[in-house]
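The values are calculated or read from the model by the stated rules, or taken from the named source; none is laboratory data. All values reported here derive from a predicted model rather than from experimental measurement. For neighbour counting, all protein chains shown are included, and Cβ atoms are generated from backbone atoms with ideal geometry for every residue, glycine included.
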Amino acid sequence: MLNGQVLALKYRPKNFDELIGQETVAITLKNTLKNHKRLAHAYLFSGLRGSGKTSSARIFAKTLLCEKAPVDIACEECVSCQMANNNSHIDIIEIDGASNRKIEDIRDLIQQTKYRPSIGNFKIFIIDEVHMLTKEAFNALLKTLEEPPEYVKFILATTDPMKLPQTILSRTQHFHFKRINPNLIKLHLQKILKLEKVEFEEEALDIIIRSGEGSLRDTLTILQQAILFCDNNLQTKLVINMLGLINPDILREIFQLIKDKKKESLLKKLEEVKNFDIQQLINQFVVIVKENLIAKGGDNINFYSKIFSILNEAKQLLFIGADTEFVLYFTFLQMLDFEAENKEKKNIREINENQQSIISQNVKREENTEPHQNNYQYELINYMNIWELRLFIYYILFTAFDNLFYLFDFFIHELLSISL
Ligand SMILES: Nc1ncnc2c1ncn2[C@@H]1O[C@H](COP(=O)(O)OP(=O)(O)OP(=O)(O)O)[C@@H](O)[C@H]1O
Ligand SMILES: [Mg+2]
Ligand SMILES: [Zn+2]
């Protein structure tokens, strides 16, 4: 299997119909290619690593130079297409911005733009990782980028467009490459696995996709590793092992223990997992909670929103370098506490509701009785909800505007002293 070929290269898209999850880019570029009238001098492809920028630059160049052009899909048969597919097209010049970042390199490039294309109508310069160019190199490029000879086209690609000078940005037509939708990645991977005759478990595939974080190249690299590690049969257990992850079943158990308020068993489980990468554990736990929330059809939303807040807080603690074991215990015990609190409130509410129904029955019997006591109880419950809401807002502001925290703290303090 694989014949020593790297999966990501073997399955590089050959035309815009094969490009996954970048519909806006694909449609716009195909429309431009159909009719060369709206061609720009320079394009900028930016976005997440491994999301199709270099592939798109090559597809665009190949389609522009295809002997059948103008076409939106290259013929793949003409000499020009074949040369482009072998990366040996004389009129497609690919430059790696990371290793050719100096002003002399750009001067060489500008010199090359002066010669007409050898076989096609266009000479296309693809500058990859363009954000690596030096300031002087950018300045040298500016004039040519704005007014190149009519046969020259530039395609700049970068993961980091914020590092480009405004003068470069304003001279290019900008296309943003997004993080690829996991469902689309899954379909793509399933197709590849079928072609490669590899068996797989659904959950193993989901775990690989999550680890790729929306980058198709990263996902394919992990997939390839997994195929080798699992010897052509992707089993969840093996994939988890390979990636150094925790078995999701353990995390499901932990979540169940939280919901069942089983503190002792929870502490034992935490002891079992405390040597894993806690950052990773938190990320995996988020997935389990999401899975649970969807399965429950959005019931008990308050509980889930609190759990997500606690997990978010845990990530921030880890980000600022807090002790990982502390974060583990602090995070999960907090969840347990909230659930306990939740159950108590639920009980109070149930008692109140029972009392209310008894009272209203009495009211029906004795028309003179006024249900003041009952209203008071409801006010109390509403008051409690307002408190929850206040705390929630307090929390959001705390996490989002760290610096405003003290100001807000002061404000809340003043507010309380007025209302109490
Ligand atoms: N949108 C996509 N559709 C199909 N395959 C893709 C896509 N994005 C990435 N790939 C796969 O990942 C490989 C690498 O993609 P590509 O080189 O185009 O990414 P890139 O965006 O240029 O990444 P980098 O930022 O690291 O340069 C391709 O060979 C292909 O197998
Ligand atoms: Mg690239
Ligand atoms: Zn062709």
Scan region 109-131 and give yes if some residue there is farther than 27 Å from Cys81 by Cβ and either in contact (Cβ under 8 Å) with a residue 60 or more places away in the chain or within 16 Å of ligand 2 (Cβ to nearest atom) (or both), otherwise no.
yes
It is to be established whether one or more residues within region 14-23 are free of Cβ contacts under 8 Å to residues at least 40 places away in the same chain, surrounded by fewer than 21 Cβ atoms within 10 Å (Cβ to Cβ) and in the same structural domain as Ile93 (by TED's automatic domain parsing).
yes
Those residues that are farther than 16 Å from Lys34 by Cα and away from ligand 2 (no atom under 16 Å from the Cβ), I need them from region 51-75; list them, please.
none
Yes or no: region 55-66 includes at least one residue that is more than 13 Å from ligand 1 (Cβ to nearest atom), among the aliphatic types (A, V, I, L, M) and at pLDDT below 95.
no
Out of region 102-114, which residues are surrounded by 14 or more Cβ atoms within 10 Å (Cβ to Cβ) and closer than 24 Å to Leu64 by Cα?
Ile106, Leu109, Ile110, Thr113
Here is a list of conditions, (1) at pLDDT below 95; (2) buried (at least 18 other Cβ atoms within 10 Å of the Cβ), and Leu328 meets all of them except one; can you say which number that is?
(1)
Here the residues within region 67-87 that are buried (at least 22 other Cβ atoms within 10 Å of the Cβ) and either closer than 22 Å to Ala137 by Cβ or within 15 Å of ligand 1 (Cβ to nearest atom) (or both) are Ala84
The number of residues in region 262-277 that are part of a loop (DSSP other than H, G, I, E, B) and either among the hydrophobic types (A, V, I, L, M, F, W, C) or not assigned by TED's automatic domain parsing to the domain that holds Tyr329 (or both) is 1
Residue within region 24-33 that is closer than 20 Å to Lys191 by Cβ, more than 16 Å from ligand 2 (Cβ to nearest atom) and free of Cβ contacts under 8 Å to residues at least 40 places away in the same chain present
yes
Test Ile180 against the stated conditions and say whether it is within 15 Å of ligand 2 (Cβ to nearest atom) and closer than 24 Å to Pro248 by Cα.
yes
What pairs come up if the first residue lies in region 155-168 and is near ligand 1 (Cβ under 9 Å from one of its atoms), the second is not acidic (Asp, Glu), and their beta carbons are under 6 Å apart, counting only those six or more places apart or on different chains?
Ala157/Phe45; Ala157/Lys53; Ala157/Thr54; Ala157/Ala57; Thr158/Ser46; Thr158/Val130; Thr158/His131; Thr159/Arg49
Can you give me the number of residues within region 146-161 that are of a type outside the set (Lys, Arg) and in contact with a His (Cβ under 8 Å, 6 or more places away or on another chain)?
9
Residue under question is Lys10, and the condition is that it be within 18 Å of Phe177 (Cβ to Cβ) and of a type outside the set (Gly, Ala, Ser); does it hold?
no
The condition of being farther than 20 Å from Leu19 by Cα, part of a loop (DSSP other than H, G, I, E, B) and β-branched (Val, Ile, Thr) holds, among Ile110, Ile90, only for Ile90
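Yes/no per residue for (1) surrounded by fewer than 16 Cβ atoms within 10 Å (Cβ to Cβ); (2) of a type in the set (Phe, Trp, Tyr); (3) farther than 19 Å from Ser56 by Cβ:
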site: His89; (1), (2), (3): no, no, no
site: Asn100; (1), (2), (3): no, no, yes
site: Ile119; (1), (2), (3): yes, no, yes
site: Glu129; (1), (2), (3): no, no, no
site: Pro148; (1), (2), (3): no, no, yes
site: Tyr151; (1), (2), (3): yes, yes, yes
site: Pro161; (1), (2), (3): no, no, no
site: Pro165; (1), (2), (3): yes, no, yes
site: Leu169; (1), (2), (3): yes, no, no
All conditions in (1) at pLDDT 95 or above; (2) among the charged types (D, E, K, R); (3) more than 16 Å from ligand 3 (Cβ to nearest atom) are true of Asp91 except (3)
